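The values are calculated or read from the model by the stated rules, or taken from the named source; none is laboratory data. These numbers were taken from a predicted model, which means no experiment stands behind them. Neighbour counts run over all protein chains shown; Cβ positions are idealised from the backbone, glycine included. The protein model used for the area step is the full one, side chains on, heavy atoms only, and it has no ligands, DNA or RNA in it. Shrake-Rupley method; radii C 1.70, N 1.55, O 1.52, S 1.80 Å.
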Amino acid sequence: GTMYKATLPNGWFLLAVKKLYDAELCIRSFDLEIMMGRYSHRNIMVPISFCIEEEKNERILVYHYMSNGRVSDWLNDTTTLGWPAVIRIALGVARGLCCLHHSLHMVHLSIGPESILLGNNFEPRISNFGMAIFIDYDLDKNIGFDKKDVYDFGTLLFEVIRGKAFGQTSKCFSNANTNGPFTTYTYATNLFEDPFGFYDAVDKCLNEIEFEDEVSALLRVACDCVHPLPPKRPTMLEVYSKMSNIWERDGLFEDSSTF
């Protein structure tokens, strides 16, 4: 579909309007987005209204406008995010995924810089639920699904820390688990052999001595998330708890939100 920027007739609010065209995938995406509108979470993007135009086979979704665009808009750019924004994005996306996995029992399956929108103060919201699926309440029975979100979150961390797209990572899928779908990946081997060699590529504005411990901590979390064996990856609840505990301890960030 096509996304438009719009305002109300009185000019009070900026809106984002997405027009979806009639296709099986778009219809499924539309239905999922409408369903998400029943929930409210600070880090999940949900529509505030919708419209179905039967004659033109068009479907319209209306959202609040996100003033800072997508995470992808800030990668490979001369304008950098800065460390406070990186912290906010990392914690916000982790918080949103915790809600999806542990409260809504849903997996996103396409987490990346294009699916994370940024509002005021770079507060992130997860969007694009066209590939999302519901899973069993017992996450252990769905390891091939929720751990893909964990892996994608890890690559997103590398991207926002570095300030550039993490294009070296490739993904492949197999049905290696006889108990159900199981996801495996190929990856940049040298990253896991020497993950802190990644410092050489970290964006200069983040590679400051006052943030060295925090950058190291976030890199460790990212490496845990992209472990080549899905069962070895943490849950998003474990990821979020670890990050928030580190930054609350250091007095950089305090979060009292619930999922």
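Considered as an equivalent ellipsoid built on the Cα gyration tensor, the stretch 79-137 has semi-axes of 24, 12, 8 Å, the largest given first.
Along the positive direction of the dipole of the stretch 40-134 (beta-carbon charges: Lys, Arg +1; Asp, Glu -1; about the Cα centre), which of F50, L97, L75 reaches farthest? Projecting each Cα onto the dipole axis, the largest value belongs to L97. Computed extension gain for E54 through A6, at 0.36 nm per residue and net of the alpha carbon distance, reaches 15.1 nm. Excluding ligands, DNA and RNA, the accessible surface per residue across the stretch 1-130 is 48 Å² with a 1.4 Å probe.
Straightening the chain between S40 and E238 buys 69.0 nm, computed as 0.36 nm per residue apart minus the Cα-Cα spacing. Overall, the accessible surface of the stretch 7-90 at a probe of 1.4 angstrom is composed of carbon and sulfur to the extent of 53 percent. Give the shape of the stretch 37-95 as rounded, prolate or oblate, defined through the alpha-carbon gyration tensor: a ≥ b ≥ c are the square roots of its eigenvalues, a/c under 1.5 means rounded, and otherwise the shape is prolate if a/b is larger than b/c and oblate if not. Here the stretch 37-95 falls in the oblate category.
Share of pairwise Cα-Cα distances greater than 18 Å in the stretch 1-79 is 49 percent (whole percent). Here the stretch 8-109 is assigned +1 on the Cβ of each Lys and Arg and -1 on the Cβ of each Asp and Glu. Its dipole about the Cα centre then comes out at about 500 debye. Taken over the stretch 11-51, the alpha-carbon convex hull comes to 90 cubic angstrom per residue. Surface listing: S49, S244 arranged by accessible area from highest to lowest gives S49, S244, probe 1.4 Å.
When nucleic acids and ligands are ignored and a 1.4 Å probe is applied, E114 ends up with an accessible area of around 110 Å². If both residues of a DSSP beta bridge must be in the stretch 1-133, then about 95% of such bridges are antiparallel.
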